[in-house]
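Asker: Got a structure for you, questions after.
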Amino acid sequence: MIKLAIFASGSGSNAQNIVEYFSESNDIEVSLILSNNSKAYVLERAQKLDIPTAIFSRDSFYKSEEILKVLANDKIDFIILAGFMWLVPKYLVEAYPNRILNIHPALLPKFGGKGMYGDHVHKAVKEAGEVESGITIHYVNEKYDEGNIVFQATCELTTSDTPETIAEKVHALEYKHYPEVIESVIQKSFKNY
């Protein structure tokens with residue numbers, strides 16, 4: 001069984017979608033959900049889904065390798081970021097080379113980088129007058145949104161779209177594609193899958 005840990009900072013709708021997608025799998029399971037926000041709704045979702053959780057502070061994440069111990073203890077094979085707002089530190093990237101995936105709510109390299117998350121992205125896309133947006137699934141490195149791109153999907157935008165309607169279109173792409181792409185990447189990464 002290949003074990004996934006999901007890192008999330010907020011609501012956790014993508015995390016729940018991923019858990020539900022793999023709930024019938026005989027090969028992949030979400031074993032742990034971690035958050036840097038003790039009030040994040042993702043923790044309630046995890047409880048309802050019967051997934052163990054861990055909460056960590058900025059100090060423990062950046063000034064120690066405590067998280068590595070938690071991941072090793074649970075024998076985590078792969079890390080999935082689903083609305084996780086912090087930059088992943090070097091020690092974690094090195095411990096999980098090409099085994100950390102993130103989803104970004106825009107077509108990178110446009111609208112990426114520090115501060116570009118959630119509604120900020122959709123507002124920037126609208127203000128730029130873009131005719132399409134979408135999602136980018138990429139490997140994680142030590143810089144925001146700069147890891148190698150694995151997959152992109154697009155949605156058309158119209159002049160009547162608002163940041164809210166753009167968000168709805170992008171969320172639909174996230175829910176449809178993220179679990180499938182995770183599965184595909186894992187199949188390629190773990191040859192004995």
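The values are calculated or read from the model by the stated rules, or taken from the named source; none is laboratory data. All figures in this text were calculated on a predicted structure; none of them were measured in a lab. Cβ placement follows ideal geometry from the backbone for every residue including glycine, while neighbour counts extend to all protein chains displayed. Calculation scope for accessible area: heavy atoms of the full protein, side chains included, ligands and nucleic acids excluded. Shrake-Rupley method; radii C 1.70, N 1.55, O 1.52, S 1.80 Å.
Asker: With the structure loaded, tell me whether Lys75 is at positive phi and touching a strand residue (DSSP E or B) at 6+ places or on another chain (Cβ under 9 Å) or whether it fails that test. Reasoning before the result, please.
Answerer: On the way: at positive phi: yes; touching a strand residue (DSSP E or B) at 6+ places or on another chain (Cβ under 9 Å): yes.
Taking the combined requirement at face value, the residue satisfies it.
Asker: Scan region 145-171 residue by residue and report those that are more than 15 Å from the chain's Cα centre (by Cα) and not β-branched (Val, Ile, Thr). Let's see the steps before the verdict.
Answerer: We begin by selecting, within region 145-171, every residue more than 15 Å from the chain's Cα centre (by Cα); these are 153-169.
Scanning region 145-171 gives Ala153, Cys155, Glu156, Leu157, Ser160, Asp161, Pro163, Glu164, Ala167, Glu168, Lys169.
Asker: Taking only region 154-168 into account, find how many residues are surrounded by fewer than 18 Cβ atoms within 10 Å (Cβ to Cβ) and either in a loop (DSSP other than H, G, I, E, B) or in contact with a strand residue (DSSP E or B) (Cβ under 7 Å, 6 or more places away or on another chain) (or both).
Answerer: Here is the first cut: in region 154-168, the residues surrounded by fewer than 18 Cβ atoms within 10 Å (Cβ to Cβ) are 154-156, 158-160, 162-165, 168.
Subsequent filtering for residues that are either in a loop (DSSP other than H, G, I, E, B) or in contact with a strand residue (DSSP E or B) (Cβ under 7 Å, 6 or more places away or on another chain) (or both) retains 154-156, 158-160, 162.
So the answer is 7.
Asker: Do we have any residue at all in region 130-143 that's open to solvent by less than 20 Å² (accessible area, probe 1.4 Å), over 26 Å from Ser31 (Cα atoms) and not in a loop (DSSP other than H, G, I, E, B)?
Answerer: Yes, because at least one residue in region 130-143 is open to solvent by less than 20 Å² (accessible area, probe 1.4 Å), over 26 Å from Ser31 (Cα atoms) and not in a loop (DSSP other than H, G, I, E, B).
Asker: Taking only pairs six or more apart or across chains, which ones have beta-carbon atoms under 6 Å, a first residue in region 55-83 that is of a type in the set (S, T, N, Q), and a second residue that is open to solvent by 80 Å² or more (accessible area, probe 1.4 Å) and part of a helix (DSSP H, G or I)?
Answerer: Ser60/Glu66
Asker: Follow-up. Out of the residues in region 104-129 that are in a helix (DSSP H, G or I) and aliphatic (A, V, I, L, M), state the one that is surrounded by the most Cβ atoms within 10 Å (Cβ to Cβ).
Answerer: Applying the filter and picking the extreme gives Val125.
Asker: Looking only at region 17-27, which residues are under 15 Å from Ala82 (Cβ atoms), over 14 Å from the mean Cα position of the chain (by Cα) and touching a residue at least 40 places away in the same chain (Cβ under 8 Å)?
Answerer: Tyr21, Phe22, listed by residue number.
Asker: Please go through region 63-83 and pick out each residue that is closer than 19 Å to Leu101 by Cα and either touching a Pro at 6+ places or on another chain (Cβ under 7 Å) or open to solvent by 20 Å² or more (accessible area, probe 1.4 Å) (or both). Walk me through it before giving the result.
Answerer: Going residue by residue through region 63-83, those that are closer than 19 Å to Leu101 by Cα are 67-68, 70-72, 74-83.
The answer is Leu68, Val70, Ala72, Asp74, Lys75, Asp77, Gly83.
Asker: Return the residues of region 39-51 that are of a type outside the set (Gly, Ala, Ser) and open to solvent by less than 70 Å² (accessible area, probe 1.4 Å); say none if nothing qualifies.
Answerer: Result: Val42, Leu43, Arg45, Leu49, Ile51.
Asker: Residues that are out of contact with any Phe, Trp or Tyr (no Cβ under 7 Å at 6 or more places or on another chain): which strands (runs of 3 or more DSSP E) entirely in region 1-93 hold 3 or more of them? Break it down stepwise before answering.
Answerer: Numbers: elements: 2-7, 28-35, 53-55, 78-81.
Strands (runs of 3 or more DSSP E) meeting the threshold: 2-7, 28-35, 53-55.
Asker: Quick one: in region 181-193, of everything that is charged (D, E, K, R) and free of Cβ contacts under 8 Å to residues at least 60 places away in the same chain, which residue is surrounded by the most Cβ atoms within 10 Å (Cβ to Cβ)?
Answerer: It comes out as Lys188.
Asker: Further question: Got at least one residue in region 144-152 being in a strand (DSSP E or B), open to solvent by less than 30 Å² (accessible area, probe 1.4 Å), closer than 22 Å to Pro97 by Cα and at pLDDT 95 or above?
Answerer: No.
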